[in-house]
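In what follows, a structure is listed as structure tokens, so that the remarks can point back to it.
Just so it is clear, none of the values below were taken in a lab; they were calculated from the coordinates. Just so it is clear, the structure is predicted and the values come from calculations on it, not from any experiment. Backbone-built Cβ (ideal geometry, glycine too); neighbour counts: all protein chains shown.
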Amino acid sequence: MLYHDKRLQYPVRVEKPDPLFARQLQQAIGGIEGEIRVCLQYFFQAWGARAPNNKYRDLLLNTATEEMGHVEMLATAVALNLEKAPLQAEEAASDAIVGAVMGGESARHVMEGMLQRHILSTGLAAFPANSDGVPFDCSHIYASGNIVADMYCNVAAEATGRTLAVRLYNSTNDPGMKDMLHFMIARDTMHQQQWLAVVEELGGAETLPIPNSFDQSKEHTDYSYFLMGTQRDGKKPPSGRFSHGPSLDGRGEFSAGHFEPLGEEPVLGPARPHSGAQREQIDRRMAAE
């Protein structure tokens, strides 16, 4: 169950509305690096969590709810940045006020660069889509039921989210927007750390490989820690911590080398009649001729 507080998680203010920046902010709402993604990811991980200790479920629920607050902040920021946006051709052609608000840019240029759904679909408000107007479709929400696998997915999500937030910070000169983003960047820092802390608490490298409940003797152990070199120019595979020395889980030794294919060239049977293939594909004798 969720509860609502009318107050925003952190102040959101815009000194000089910028419809083009409103479009960029949509990526932080409905992009694959955005807040809807992590919010739903953490909720579904929590709702499906199976563990003797519920503290990780509680941690996920707390952070998912926090991320919903970030969506609210960003949606507010989008609306505030759209307040002086030109809405029709007449404004774009003659409204000097719009040009002044936009820092001297022509209103027509602003209108052309805006996300048009902000005008046509939402009445100058945010919506669940990215900066190109593509709706968020949940295809990047990862909730595997494996707590460690999910934590690594969460670190990656927060890392790409923080990268986006930093790029947005560098894309605006508005003091209010920079203030909001410097808070969100700090939260991304914490979230990266907390998910890694969960991995450490569960055993760190000893949780590898994931899932660690599978009997490794059942896998082809000759290739469990082998860096496969697939280049055909005579060069060796890259060398590093990943190519020699003990594996991170302490259960093997890294090695590297050129790899020759172990299988054969695949030969499929003839195409089936009525499959829409050419006659030559269906009849092997015709193909041989």
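The figures follow:
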| quantity | calculated |
| --- | --- |
| For region 169-217, alpha-carbon Rg and Dmax in angstrom | 18.3, 58 |
| Least to most buried among 78, 199 (fewest other Cβ within 10 Å first) | 199, 78 |
| Residue-by-residue Karplus 3J(HN,Hα) for region 239-246, coefficients 6.51, -1.76, 1.60, Hz, glycine and proline x | 10, x, 4, 8, 10, 7, x, x |
| Region 206-289: chymotrypsin sites (Phe, Trp or Tyr not before Pro) in DSSP coil with no more than 15 other Cβ atoms inside 10 Å | 214, 242, 259 |
| Computed magnitude of the charge dipole of the chain (debye, nearest 20; Cβ of K, R +1, Cβ of D, E -1) | 80 debye |
| In the chain, lysine pairs with alpha-carbon atoms under 28 angstrom apart (chain gap of 8 or more, or interchain) | 7 |
| Residue of 243, 217, 171 that the Gaussian network model of the chain assigns the largest fluctuation, springs spanning Cα pairs under 10 Å | 217 |
| Prolate/oblate/rounded label for the chain (Cα gyration tensor, a/c 1.5) | oblate |
| Interchain or long-range residues, amide H under 5 Å from residue 227's placed H | 255, 256, 257 |
